[in-house]
Amino acid sequence: NWSGSLIVASLTGAFGSSFLYGYNLSVVNAPAAYIKKFYNETWERRYGFSVDESTLTLLWSITVSIFAIGGLVGAIIVTPIVKFFGRKCTLLLNNVFAVTAALLMSLSLLVGSFEMLILGRIIMGVDAGISLSALPMYLSEISPKEIRGSLGQVTAIFICIGVFAGQVLGLPEIFGRESRWPYLFGAIVVPSLIQVVILPFLPESPRYLLLEKHNTSKAEKAFQTFLGKDDVSHEVEEVLAESRVQRNTKLVSILQLLRTRAVRWQVITVIVTMGCYQLCGLNAIWYYTNSIFSEAGIDHETIPYVTLSTGAVETVAAVFSGLVIERLGRRPLLIGGFGLMVLFFAVLTVSLTLQKTVHWLPYLSIFCILAIIASFCIGPGGIPFVLTGEFFQQSQRPAAFMIAGTVNWLSNFAVGLLFPFIQGALQTYCFLVFAAICFAGATYLFFVLPETKHKTFNEISQAFAKRNKVTLEMQEMNHHPGERKSSAEQESNFTSSVDNGETKKGIV
């Protein structure tokens, strides 16, 4: 099932998209002290006095958190972009944001403008917001249902690889020095250029070509390329069957999707999983990592190298999830991942509270940190993106990804804004808040989430039909009331609209 074109498309798409998201999450950690010094020197050169500590902290907080604001913008604008340009072309055009951001951030020291660095971060956030919706959409539409979960996990795997790459390049021997930190941001250009060179030679999503562009000839060629076989009549008929069930392929707006009773529980489940994805406390783990390693007696200069173990564990766990997701399914990995995080958060709370009384407890804290990261990457780290692509029909998918992206980035911003206050008030007990969120998410998913592995999009809709209290036919009445046609009439329209392999405008 894994054709060469499918592998190249997934790796190239992820390298220029989700890899950059992960990279930009970690790349600001290593040069933080040097960037703050740059801010202070720039301020003193402009105004003749050093910036006060509170203003410097504010500038740094803006630099870090504004990435999420850009991500929210990207998530909001992605729907009209993927509708007009398609999935593949959206990924290609998105590199304009990445290259622009890389130039602004890497040249900020040379020009002496910290505003360029902040502006670059928000533009890079826009790139991430678009890619984290367009990439899972593209991967879910080009893959056979038997490996849709594994292919979808490529997004999470490359996020982890990006985080790890940011940690490695931030080492003092590479770019983690005062004179070299701009190169950390200039490196963003490399994955973008690789994607621009390779991705144009691969087809657009066959589902997009068939259901939204009504181009049967190109859709068949795309299926043949991605599946590695000549006879794709079954796959084409499967997509057309989805089209007949949908009655038409007019894209649904966010408001229409929220009002559609037939997908009510799918929308709620996406909101819950995406919310828990950001609110489960992994960002808090990164905040505590250096202090916990220090408490364990690890030398300050050695900590950056030990921290690489967290990125390595992330990557290994994400790859493991990709290998077993089609055997174990989405449901046990997602629920099990949140459940294990609850357990290790509880142990970590006890360990941090008592670590000054027992000499070996700091090592238990290190183990808990690695275990929490692994538990997250096994399920919660990637499966929410897979589920968003699986829960909805073609016409609903862009709006669904916009909702998921909005929840994702708002939750990300909320954690960055509120965590310092939570940590200040609760100290080590702050992890119990995240344990409660993970427990609530696992409980909800246990009662609501059906297994989706190896199922078609229509079969997944049927799995939710009972909970939504609608039949499959009623689902389509909710999708597009007043625009329904019989299956026979649609097939007649489709057949009569084909001319030399190209379908004419206005069919279906």
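The values are calculated or read from the model by the stated rules, or taken from the named source; none is laboratory data. Only a predicted model underlies this, so the values are computations on that prediction, with no experimental measurement involved. Glycine also receives a Cβ, built like all others from the backbone with ideal geometry; neighbour counts cover every protein chain displayed. What goes into the accessible areas is simple: the full protein's heavy atoms, side chains included, and nothing from ligands, DNA or RNA. Shrake-Rupley method; radii C 1.70, N 1.55, O 1.52, S 1.80 Å.
Based on Cα positions only, what radius of gyration and what Dmax would you give for the stretch 313-370, in angstroms?
For the stretch 313-370, the Cα radius of gyration and maximum Cα-Cα distance read 14.6, 45 Å.
Taking only the alpha-carbon positions of the stretch 1-202 and ignoring solvent, what does the Debye formula give for the base-10 log of I(q)/I(0) at q = 0.09, 0.18 Å⁻¹?
The Cα Debye sum returns log10 ratios of -0.36, -1.17.
As an exercise, identify the chymotrypsin sites (Phe, Trp or Tyr not before Pro) in the stretch 1-108 lying in DSSP coil whose Cβ has no more than 16 other Cβ atoms within 10 Å.
Qualifying residues, ordered by number: TRP2, PHE49.
For the pair GLU146 and ALA440, how long in nm is the line joining their label points, each one 7 Å along Cα→Cβ?
4.1 nm
Quote the FRET efficiency, to the nearest 0.05, computed for THR456 versus ARG259 with a Förster distance R0 of 25 Å and r equal to the Cβ-Cβ distance. Kindly include the intermediate steps, with their values, before the conclusion.
Values: r = 25 Å, r/R0 = 1.00.
So the FRET efficiency works out to roughly 0.50.
Of ALA32, ILE298, ILE254, which is farthest on the positive side of the dipole of the chain, counting Cα position, with +1 on Lys and Arg Cβ, -1 on Asp and Glu Cβ, and the Cα centre as origin?
My answer, from the dipole projection, is ILE254.
Kindly report, to the nearest 10 Å², the accessible surface of THR428 as traced by a 1.4 Å probe over protein heavy atoms only.
30 Å²
Given points 7 Å out from each Cα along the Cα-Cβ axis, report the VAL236 to TYR305 separation in nanometres with one decimal.
Placing both labels 7 Å along Cα→Cβ, they lie 6.0 nm apart.
For SER133, SER5, give the ranking by accessible area with the largest first, probe 1.4 Å.
Greatest to least solvent exposure: SER5, SER133.
Return the subset of LYS88/LYS213; LYS218/LYS455; LYS145/LYS221; LYS213/LYS453; LYS83/LYS213; LYS145/LYS469 for which the Cα-Cα distance in this structure is over 20 Å, preserving the input order.
Values: LYS88/LYS213 14 Å; LYS218/LYS455 25 Å; LYS145/LYS221 18 Å; LYS213/LYS453 28 Å; LYS83/LYS213 10 Å; LYS145/LYS469 26 Å.
Those over the limit are LYS218/LYS455; LYS213/LYS453; LYS145/LYS469.
Let me understand the stretch 250-494 better: what is its radius of gyration from the alpha carbons, and its Dmax, in angstrom?
Using the Cα atoms of the stretch 250-494, the pair Rg, Dmax is 21.4, 78 Å.
Accessible area, 1.4 Å probe, largest first: how do GLU146, GLU451 sort?
Values: GLU146 75, GLU451 45 Å².
So the residues, ranked largest to smallest area, are GLU146, GLU451.
Of CYS276, PRO200, SER217, which is farthest along the charge dipole of the stretch 185-334 in the positive direction, counting Lys and Arg as +1 and Asp and Glu as -1 at C-beta?
Result: SER217.
Once you charge only the Cβ atoms, +1 for Lys and Arg and -1 for Asp and Glu, what is the size of the charge dipole of the stretch 1-125 about its Cα centre, to the nearest 20 debye?
Value, rounded to 20: 420 debye.
Hey, can you rank 327-339, 270-282 by average C-beta count inside 10 Å, highest first?
Values: 327-339: 19.9, 270-282: 22.5.
In descending order of packing, they fall as 270-282, 327-339.
How much area per residue is accessible in the chain when the probe is 1.4 Å and only protein heavy atoms are counted (Å²)?
On a per-residue basis, 41 Å².
Please report, as a whole percent, how much of the solvent-accessible surface of the stretch 1-202 comes from carbon and sulfur atoms (probe radius 1.4 Å). Write down the numbers at each step before the final one.
Values: 5330 of 7480 Å².
Reported share for carbon and sulfur atoms: 71 percent.
With +1 assigned to the C-beta of every Lys and Arg and -1 to the C-beta of every Asp and Glu, and no other charges, what is the dipole magnitude of the chain about the Cα centre in debye, to the nearest 20?
940 debye
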